[in-house]
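Notes follow the structure.
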Amino acid sequence: MIRRLPGLVDSHVHGAVGKSVMDGIDAIKEIGEYLALNGIYGWFPTTRTAPWDGILEAVNSIVIASRQQSSAEARILGVHVEGPFLNPDFHGSQPVEYIIKPSLQKAEKLVKTAQGLPLIVTLAPEAPGAAEVIDYLVKNGVVVSLGHTGATYEQMQRAISIGANRVTHLFNSMKFFHHREPGPIGTALFSDAYVELIVDGVHVHPATVGLALKAKGLSRVVFVSNGTEGMGLEDGVYELDGHVLRVEKGAVYEDNTLMGSATNLKDGVISLSRKLNIPLEDLWITASRAPLESVGLDIDLPLCTVSDSY
(Lines give C-alpha, C1' and ligand atoms only; values in the text may rest on other atoms or scores of the structure.)
Protein backbone atom coordinates (compact mmCIF):
# COMPACT_ATOMS: atom_id res chain seq x y z
CA MET A 1 0.00 0.00 0.00
CA ILE A 2 1.21 3.51 -0.85
CA ARG A 3 0.79 6.20 1.80
CA ARG A 4 1.75 9.84 2.30
CA LEU A 5 3.23 10.20 5.76
CA PRO A 6 5.49 12.75 7.51
CA GLY A 7 9.21 12.41 7.00
CA LEU A 8 10.97 10.50 9.76
CA VAL A 9 13.37 11.86 12.39
CA ASP A 10 16.17 9.59 13.62
CA SER A 11 17.71 11.00 16.77
CA HIS A 12 20.31 8.26 17.28
CA VAL A 13 22.55 7.50 14.28
CA HIS A 14 26.25 6.65 14.60
CA GLY A 15 26.87 5.82 10.96
CA ALA A 16 25.85 4.12 7.71
CA VAL A 17 27.23 2.80 4.42
CA GLY A 18 30.64 2.07 5.94
CA LYS A 19 31.00 5.57 7.40
CA SER A 20 30.95 6.83 10.98
CA VAL A 21 29.90 10.22 12.33
CA MET A 22 33.32 10.25 13.99
CA ASP A 23 35.03 10.22 10.54
CA GLY A 24 34.46 13.89 9.74
CA ILE A 25 32.40 16.17 7.53
CA ASP A 26 32.50 14.14 4.30
CA ALA A 27 31.40 10.99 6.12
CA ILE A 28 28.55 12.86 7.83
CA LYS A 29 27.34 14.09 4.44
CA GLU A 30 27.43 10.57 2.96
CA ILE A 31 25.43 9.23 5.88
CA GLY A 32 22.92 12.06 5.41
CA GLU A 33 22.50 11.18 1.75
CA TYR A 34 21.80 7.53 2.60
CA LEU A 35 19.22 8.56 5.20
CA ALA A 36 17.45 10.91 2.80
CA LEU A 37 17.08 8.09 0.28
CA ASN A 38 15.41 6.00 2.98
CA GLY A 39 12.63 8.28 4.15
CA ILE A 40 14.54 10.19 6.83
CA TYR A 41 13.83 13.91 6.84
CA GLY A 42 15.99 14.84 9.83
CA TRP A 43 18.61 13.27 12.06
CA PHE A 44 20.91 13.77 15.00
CA PRO A 45 24.43 12.58 14.16
CA THR A 46 25.50 10.64 17.25
CA THR A 47 29.01 10.47 18.63
CA ARG A 48 30.53 7.46 20.35
CA THR A 49 32.60 7.34 23.51
CA ALA A 50 36.15 8.25 22.43
CA PRO A 51 39.05 10.38 23.63
CA TRP A 52 37.60 13.68 24.81
CA ASP A 53 39.26 15.79 22.12
CA GLY A 54 37.94 13.38 19.49
CA ILE A 55 34.38 13.88 20.73
CA LEU A 56 34.73 17.65 20.57
CA GLU A 57 36.20 17.40 17.08
CA ALA A 58 33.24 15.27 15.98
CA VAL A 59 30.75 17.73 17.43
CA ASN A 60 32.50 20.57 15.62
CA SER A 61 32.36 18.59 12.35
CA ILE A 62 28.62 18.04 12.82
CA VAL A 63 28.11 21.78 13.36
CA ILE A 64 30.02 22.58 10.16
CA ALA A 65 28.21 19.84 8.21
CA SER A 66 24.86 21.26 9.35
CA ARG A 67 25.77 24.55 7.65
CA GLN A 68 26.86 22.93 4.40
CA GLN A 69 23.96 20.61 3.70
CA SER A 70 22.58 19.96 0.26
CA SER A 71 19.02 19.06 -0.68
CA ALA A 72 20.20 15.47 -1.18
CA GLU A 73 20.89 15.01 2.53
CA ALA A 74 18.66 14.39 5.52
CA ARG A 75 18.55 17.59 7.55
CA ILE A 76 20.84 17.74 10.58
CA LEU A 77 18.53 18.83 13.40
CA GLY A 78 21.07 18.59 16.22
CA VAL A 79 23.82 16.47 17.68
CA HIS A 80 23.54 13.53 20.08
CA VAL A 81 26.55 12.97 22.32
CA GLU A 82 26.42 9.41 23.69
CA GLY A 83 29.08 9.23 26.34
CA PRO A 84 31.66 9.56 27.71
CA PHE A 85 29.78 10.12 31.01
CA LEU A 86 28.60 6.51 31.30
CA ASN A 87 28.68 3.68 33.82
CA PRO A 88 31.61 1.44 32.80
CA ASP A 89 29.74 -1.63 34.06
CA PHE A 90 27.09 -0.99 31.41
CA HIS A 91 29.25 0.30 28.58
CA GLY A 92 27.76 -2.06 25.98
CA SER A 93 29.73 -1.53 22.77
CA GLN A 94 31.08 1.85 23.94
CA PRO A 95 34.87 1.69 24.54
CA VAL A 96 35.17 1.42 28.31
CA GLU A 97 38.68 2.87 28.37
CA TYR A 98 37.37 6.30 27.35
CA ILE A 99 34.55 6.55 29.88
CA ILE A 100 35.07 9.44 32.32
CA LYS A 101 33.21 11.09 35.18
CA PRO A 102 30.86 13.98 34.37
CA SER A 103 32.30 17.42 35.00
CA LEU A 104 30.92 20.92 34.70
CA GLN A 105 34.00 22.04 32.79
CA LYS A 106 33.48 19.41 30.12
CA ALA A 107 29.73 20.04 30.01
CA GLU A 108 30.40 23.72 29.40
CA LYS A 109 32.84 22.84 26.62
CA LEU A 110 30.24 20.62 24.93
CA VAL A 111 27.64 23.38 24.99
CA LYS A 112 30.14 25.88 23.60
CA THR A 113 31.31 23.51 20.85
CA ALA A 114 27.71 22.80 19.73
CA GLN A 115 27.36 26.53 18.93
CA GLY A 116 23.60 26.60 19.47
CA LEU A 117 22.84 23.42 17.55
CA PRO A 118 20.24 21.43 19.55
CA LEU A 119 22.10 18.99 21.76
CA ILE A 120 21.22 15.64 23.35
CA VAL A 121 23.64 14.24 25.91
CA THR A 122 23.38 10.64 27.12
CA LEU A 123 24.84 10.02 30.57
CA ALA A 124 24.52 7.71 33.56
CA PRO A 125 22.69 9.53 36.39
CA GLU A 126 24.51 7.59 39.13
CA ALA A 127 27.94 8.76 38.02
CA PRO A 128 29.74 11.03 40.52
CA GLY A 129 28.88 14.65 39.75
CA ALA A 130 26.06 13.72 37.36
CA ALA A 131 23.32 15.65 39.18
CA GLU A 132 25.24 18.94 38.97
CA VAL A 133 26.01 18.36 35.28
CA ILE A 134 22.39 17.45 34.48
CA ASP A 135 21.20 20.63 36.17
CA TYR A 136 23.69 22.73 34.19
CA LEU A 137 22.85 21.09 30.86
CA VAL A 138 19.09 21.39 31.32
CA LYS A 139 19.38 25.07 32.30
CA ASN A 140 21.35 25.62 29.09
CA GLY A 141 18.73 24.05 26.85
CA VAL A 142 20.36 20.64 26.47
CA VAL A 143 18.21 17.50 26.37
CA VAL A 144 19.58 15.00 28.89
CA SER A 145 18.98 11.32 28.16
CA LEU A 146 19.72 8.66 30.76
CA GLY A 147 21.53 5.58 29.54
CA HIS A 148 24.33 3.03 29.91
CA THR A 149 23.31 2.92 33.52
CA GLY A 150 22.91 0.78 36.59
CA ALA A 151 21.02 3.47 38.48
CA THR A 152 18.49 2.73 41.19
CA TYR A 153 14.89 3.89 41.01
CA GLU A 154 15.72 6.78 43.33
CA GLN A 155 18.73 7.87 41.26
CA MET A 156 16.68 7.80 38.07
CA GLN A 157 13.82 9.70 39.66
CA ARG A 158 16.17 12.37 40.99
CA ALA A 159 17.68 12.88 37.51
CA ILE A 160 14.21 13.17 35.99
CA SER A 161 13.15 15.65 38.67
CA ILE A 162 16.17 17.81 37.78
CA GLY A 163 15.12 17.84 34.12
CA ALA A 164 16.37 14.74 32.32
CA ASN A 165 13.51 13.77 30.01
CA ARG A 166 14.73 10.87 27.84
CA VAL A 167 16.07 7.36 28.31
CA THR A 168 18.57 6.10 25.74
CA HIS A 169 17.81 2.78 24.00
CA LEU A 170 15.57 1.39 26.73
CA PHE A 171 16.41 -2.20 27.79
CA ASN A 172 19.87 -2.11 26.18
CA SER A 173 23.06 -1.44 28.21
CA MET A 174 21.27 -0.94 31.50
CA LYS A 175 20.52 -2.85 34.69
CA PHE A 176 17.75 -5.44 34.41
CA PHE A 177 14.33 -4.81 35.87
CA HIS A 178 13.60 -6.34 39.28
CA HIS A 179 10.23 -6.17 41.00
CA ARG A 180 11.82 -4.92 44.24
CA GLU A 181 14.26 -2.55 42.52
CA PRO A 182 12.73 -1.20 39.29
CA GLY A 183 16.00 0.46 38.28
CA PRO A 184 16.32 2.27 34.95
CA ILE A 185 13.76 0.16 33.10
CA GLY A 186 11.01 0.33 35.69
CA THR A 187 11.56 4.04 36.26
CA ALA A 188 11.47 4.75 32.54
CA LEU A 189 8.23 2.86 32.04
CA PHE A 190 6.59 4.41 35.13
CA SER A 191 7.72 8.00 34.56
CA ASP A 192 6.74 10.61 31.99
CA ALA A 193 10.19 10.51 30.35
CA TYR A 194 10.46 9.72 26.67
CA VAL A 195 12.09 6.39 25.91
CA GLU A 196 14.18 5.42 22.91
CA LEU A 197 13.71 1.96 21.43
CA ILE A 198 15.94 0.40 18.78
CA VAL A 199 13.69 -1.05 16.09
CA ASP A 200 15.93 -3.48 14.20
CA GLY A 201 14.13 -6.50 15.67
CA VAL A 202 17.39 -7.71 17.23
CA HIS A 203 18.18 -5.32 20.07
CA VAL A 204 14.64 -5.53 21.47
CA HIS A 205 12.09 -8.30 20.83
CA PRO A 206 8.92 -7.00 19.13
CA ALA A 207 6.81 -8.17 22.08
CA THR A 208 9.01 -6.10 24.41
CA VAL A 209 8.52 -3.09 22.14
CA GLY A 210 4.78 -3.72 22.37
CA LEU A 211 5.01 -3.82 26.18
CA ALA A 212 6.76 -0.44 26.22
CA LEU A 213 4.16 1.03 23.86
CA LYS A 214 1.35 -0.11 26.15
CA ALA A 215 3.10 1.32 29.21
CA LYS A 216 4.11 4.66 27.67
CA GLY A 217 1.71 5.32 24.81
CA LEU A 218 2.78 6.12 21.26
CA SER A 219 3.58 9.77 21.96
CA ARG A 220 6.22 8.99 24.63
CA VAL A 221 8.14 6.36 22.67
CA VAL A 222 10.92 7.45 20.31
CA PHE A 223 11.95 4.85 17.76
CA VAL A 224 15.60 5.09 16.68
CA SER A 225 17.81 3.10 14.37
CA ASN A 226 21.01 3.22 16.45
CA GLY A 227 22.50 2.81 12.99
CA THR A 228 26.21 2.13 12.74
CA GLU A 229 28.64 1.77 9.84
CA GLY A 230 26.88 -1.43 8.76
CA MET A 231 23.57 0.25 8.05
CA GLY A 232 22.97 0.20 4.31
CA LEU A 233 25.50 -2.59 3.69
CA GLU A 234 24.69 -6.12 2.56
CA ASP A 235 25.11 -8.96 5.05
CA GLY A 236 28.76 -9.93 5.23
CA VAL A 237 32.06 -9.29 6.99
CA TYR A 238 33.78 -5.93 6.59
CA GLU A 239 37.03 -4.40 7.79
CA LEU A 240 36.49 -0.73 8.58
CA ASP A 241 39.15 1.44 10.21
CA GLY A 242 40.95 -1.60 11.57
CA HIS A 243 37.80 -3.16 13.04
CA VAL A 244 36.20 -6.33 11.72
CA LEU A 245 32.42 -5.96 11.63
CA ARG A 246 29.82 -8.55 10.75
CA VAL A 247 26.51 -7.39 9.31
CA GLU A 248 23.83 -10.01 9.84
CA LYS A 249 20.03 -9.87 9.69
CA GLY A 250 19.75 -6.18 10.44
CA ALA A 251 22.38 -5.92 13.15
CA VAL A 252 26.12 -5.21 13.38
CA TYR A 253 28.56 -7.26 15.45
CA GLU A 254 32.20 -6.76 16.42
CA ASP A 255 33.98 -9.76 17.98
CA ASN A 256 30.50 -11.33 18.35
CA THR A 257 29.41 -8.33 20.43
CA LEU A 258 26.19 -6.65 19.31
CA MET A 259 27.41 -3.12 18.62
CA GLY A 260 24.60 -1.47 16.68
CA SER A 261 21.98 -1.71 14.01
CA ALA A 262 22.09 -2.23 10.25
CA THR A 263 18.37 -1.49 9.84
CA ASN A 264 17.26 1.98 8.86
CA LEU A 265 14.43 3.60 10.79
CA LYS A 266 11.82 3.37 8.03
CA ASP A 267 12.32 -0.35 7.49
CA GLY A 268 12.28 -0.95 11.23
CA VAL A 269 8.98 0.86 11.73
CA ILE A 270 7.32 -0.93 8.81
CA SER A 271 8.49 -4.32 10.10
CA LEU A 272 7.23 -3.61 13.62
CA SER A 273 3.87 -2.45 12.29
CA ARG A 274 3.37 -5.88 10.80
CA LYS A 275 4.68 -7.86 13.77
CA LEU A 276 2.67 -5.89 16.35
CA ASN A 277 -0.42 -5.52 14.15
CA ILE A 278 -0.46 -1.77 14.73
CA PRO A 279 -1.54 0.40 11.77
CA LEU A 280 1.49 2.05 10.20
CA GLU A 281 -0.15 5.48 10.35
CA ASP A 282 -0.47 5.12 14.13
CA LEU A 283 3.01 3.73 14.75
CA TRP A 284 4.58 6.42 12.54
CA ILE A 285 4.30 9.04 15.31
CA THR A 286 7.05 7.28 17.28
CA ALA A 287 9.55 8.05 14.54
CA SER A 288 8.33 11.43 13.34
CA ARG A 289 6.47 13.71 15.76
CA ALA A 290 7.57 12.09 19.05
CA PRO A 291 11.33 12.52 18.39
CA LEU A 292 10.80 16.23 17.75
CA GLU A 293 8.65 16.72 20.84
CA SER A 294 11.20 14.91 23.00
CA VAL A 295 13.82 17.54 22.15
CA GLY A 296 11.47 20.51 22.13
CA LEU A 297 11.51 21.13 18.38
CA ASP A 298 8.43 22.29 16.46
CA ILE A 299 8.95 21.57 12.77
CA ASP A 300 6.41 20.99 10.02
CA LEU A 301 7.54 17.66 8.62
CA PRO A 302 7.15 17.33 4.85
CA LEU A 303 5.12 14.41 3.58
CA CYS A 304 6.89 11.55 1.86
CA THR A 305 5.65 8.55 -0.07
CA VAL A 306 5.82 5.32 1.91
CA SER A 307 5.25 1.83 0.56
CA ASP A 308 5.03 -1.15 2.87
CA SER A 309 4.36 -3.65 0.09
CA TYR A 310 7.89 -4.99 -0.18
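The values are calculated or read from the model by the stated rules, or taken from the named source; none is laboratory data. None of these values were measured; they are calculated from a predicted model. Every residue, glycine among them, receives a Cβ derived from its backbone with ideal geometry; neighbour counts consider all protein chains shown. Heavy atoms of the whole protein, side chains included, go into the accessibility calculation; ligands, DNA and RNA do not. Shrake-Rupley method; radii C 1.70, N 1.55, O 1.52, S 1.80 Å.
Below are the figures for this structure:
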read-out	value
Segment 42-55: number of residues that are under 18 Å from the mean Cα position of the chain (by Cα) and either open to solvent by 10 Å² or more (accessible area, probe 1.4 Å) or of a type in the set (A, V, I, L, M) (or both)	3
Residues (surrounded by fewer than 19 Cβ atoms within 10 Å (Cβ to Cβ), in a loop (DSSP other than H, G, I, E, B) and among the charged types (D, E, K, R)) located in segment 56-94	Arg67
In segment 160-182, residue surrounded by the fewest Cβ atoms within 10 Å (Cβ to Cβ) [restricted to those that are hydrophobic (A, V, I, L, M, F, W, C) and over 16 Å from His80 (Cβ atoms)]	Phe176
Within segment 183-200, tally of residues that are assigned to a loop (DSSP other than H, G, I, E, B) and either free of Cβ contacts under 8 Å to residues at least 24 places away in the same chain or buried (at least 19 other Cβ atoms within 10 Å of the Cβ) (or both)	4
Close pairs (8 angstrom Cβ cut-off, 6 or more residues apart or separate chains): within 9 Å of Pro84 (Cβ to Cβ) and open to solvent by less than 90 Å² (accessible area, probe 1.4 Å) in segment 99-113, of a type outside the set (A, V, I, L, M, F, W, C) and modelled with pLDDT under 95 anywhere	Ile99/Gly83
Ala124, sole failed condition from (1) surrounded by 24 or more Cβ atoms within 10 Å (Cβ to Cβ); (2) within 13 Å of His80 (Cα to Cα); (3) out of contact with any helix residue (DSSP H, G or I) (no Cβ under 6 Å at 6 or more places or on another chain)	(2)
Tally, over segment 1-30, of residues that are open to solvent by less than 50 Å² (accessible area, probe 1.4 Å), without any contact (Cβ under 8 Å) to a residue 40 or more places away in the chain and outside any loop (DSSP other than H, G, I, E, B)	1
Count of residues meeting criterion [within 13 Å of Pro182 (Cβ to Cβ) and open to solvent by 10 Å² or more (accessible area, probe 1.4 Å)] in segment 148-159	6
Residue list for segment 201-221, restricted to those being in a loop (DSSP other than H, G, I, E, B) and open to solvent by 20 Å² or more (accessible area, probe 1.4 Å)	Gly201, Val202, His203, His205, Gly217
From Asp241, Asp298, Asp282, residue being out of contact with any Ser or Thr (no Cβ under 7 Å at 6 or more places or on another chain) and at positive phi	Asp241
